[in-house]
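Quick notes on the structure that follows.
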Amino acid sequence: MSSVARQELLDALRQHAHRNGAPPLHPDAARLLHWLALTTGAQHALELGTGNGYATLWLADAMAQNGGQLISVDRDAVRQQVARDYLARAGLLDVVTLRCDDAVAAIETLDSPVDLALIDLGDKEAYLPSLRALLPRLRPHAVIMADNVRSHAQELAAFLDWIRAEPRFALTELPFGPGQALLCWLPDRAGTR
């Protein structure tokens with residue numbers, strides 16, 4: 001698929017998301033996530049919160065280039081169908097497994113260690129349980145992006161406090177749109193709790 005055709009699909013997905021009241025990952029954050037997937041050579045990516053598939057398309061493109069696979073989880077089957085349609089149009093459906101499931105339940109069934117993850121769930125209270133469930137499945141130096149940390153700062157305060165107290169995470173916060181936390185998993189770091 002040409003970059004022009006991909007950009008047209010991404011633009012259509014963003015418009016669809018805004019029409020349906022579900023703003024997608026900020027474009028700059030999506031581009032950064034794509035770049036991180038490519039530069040780290042991620043083989044196993046996980047997206048918690050498919051939405052309509054905007055970030056899914058970015059991640060799937062990186063996984064196709066890396067020869068990897070993406071699992072994208074959402075409880076909303078209608079939104080996942082929209083994502084499926086766009087992934088098929090982009091020729092990327094073969095590198096994505098779409099799962100209509102609860103995030104923690106889906107994490108508990110993962111067969112492969114995760115190299116890169118995006119947490120962008122509608123239910124902000126599910127961020128922390130999802131991250132905790134993900135810990136034993138993270139490959140060392142795995143990268144995790146969590147969206148909406150500024151726009152939903154109050155709802156995600158406990159999530160961010162837990163990360164800041166966890167010495168095995170390197171954390172930086174990004175300024176794109178609703179804000180993102182970018183984490184790197186360093187399991188051998190001293191001072192673990």
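The values are calculated or read from the model by the stated rules, or taken from the named source; none is laboratory data. Quick caveat, the model's predicted, so the values are computed rather than measured. Here the Cβ is made from the backbone with ideal geometry for all residues, glycine too, and neighbour counts use every protein chain on show. Ligands, DNA and RNA are stripped out before the accessible areas are found, and what is left, the full protein with its side chains, is counted by its heavy atoms. Shrake-Rupley method; radii C 1.70, N 1.55, O 1.52, S 1.80 Å.
Considering every residue within region 96-111, establish whether at least one is within 12 Å of residue 49 (Cβ to Cβ), touching a helix residue (DSSP H, G or I) at 6+ places or on another chain (Cβ under 8 Å), among the small types (Gly, Ala, Ser) and without any contact (Cβ under 8 Å) to a residue 60 or more places away in the chain.
Yes, the conditions are met somewhere in region 96-111.
Among the residues of region 52-74, which ones are at pLDDT 95 or above and over 18 Å from residue 40 (Cα atoms)?
Those that are at pLDDT 95 or above and over 18 Å from residue 40 (Cα atoms): 72, 73, 74.
Do you know which residues across region 68-91 are within 19 Å of residue 37 (Cβ to Cβ) and open to solvent by less than 20 Å² (accessible area, probe 1.4 Å)?
Once the filter is applied, which keeps residues that are within 19 Å of residue 37 (Cβ to Cβ) and open to solvent by less than 20 Å² (accessible area, probe 1.4 Å), region 68-91 yields 68, 70, 72, 73, 83, 87, 90.
Cβ-Cβ below 9 Å, separation at least six or inter-chain, first residue in region 166-180 and within 16 Å of residue 116 (Cβ to Cβ), second among the aromatic types (Phe, Trp, Tyr): which pairs?
Pairs found: 169/185; 170/185.
Consider region 151-188. How many of its residues are open to solvent by 20 Å² or more (accessible area, probe 1.4 Å), in contact with a strand residue (DSSP E or B) (Cβ under 8 Å, 6 or more places away or on another chain) and not β-branched (Val, Ile, Thr)?
Residues meeting the conditions: 12.
Right, residue 65: open to solvent by less than 20 Å² (accessible area, probe 1.4 Å) and either in a helix (DSSP H, G or I) or closer than 17 Å to residue 37 by Cβ (or both) or not?
So residue 65 does not fit the description; no.
Taking residue 60 as the residue in question, decide whether it is assigned to a helix (DSSP H, G or I), in contact with a helix residue (DSSP H, G or I) (Cβ under 8 Å, 6 or more places away or on another chain) and either open to solvent by less than 20 Å² (accessible area, probe 1.4 Å) or on the phi > 0 side of the Ramachandran plot (or both).
Criteria met by residue 60.
Take the residues in region 104-150 that are among the acidic types (Asp, Glu), touching an Asp or Glu at 6+ places or on another chain (Cβ under 8 Å) and open to solvent by 20 Å² or more (accessible area, probe 1.4 Å); name whichever of them is farthest from residue 174 (Cα to Cα).
125
Cβ contacts < 6 Å: first residue in contact (Cβ under 8 Å) with a residue 60 or more places away in the chain, restricted to region 127-147; second residue not hydrophobic (A, V, I, L, M, F, W, C), any location; separation 6+ or different chain. Result?
Here the result reads 139/113; 139/115; 145/180; 147/120; 147/180, each pair linking region 127-147 to a residue that is not hydrophobic (A, V, I, L, M, F, W, C).
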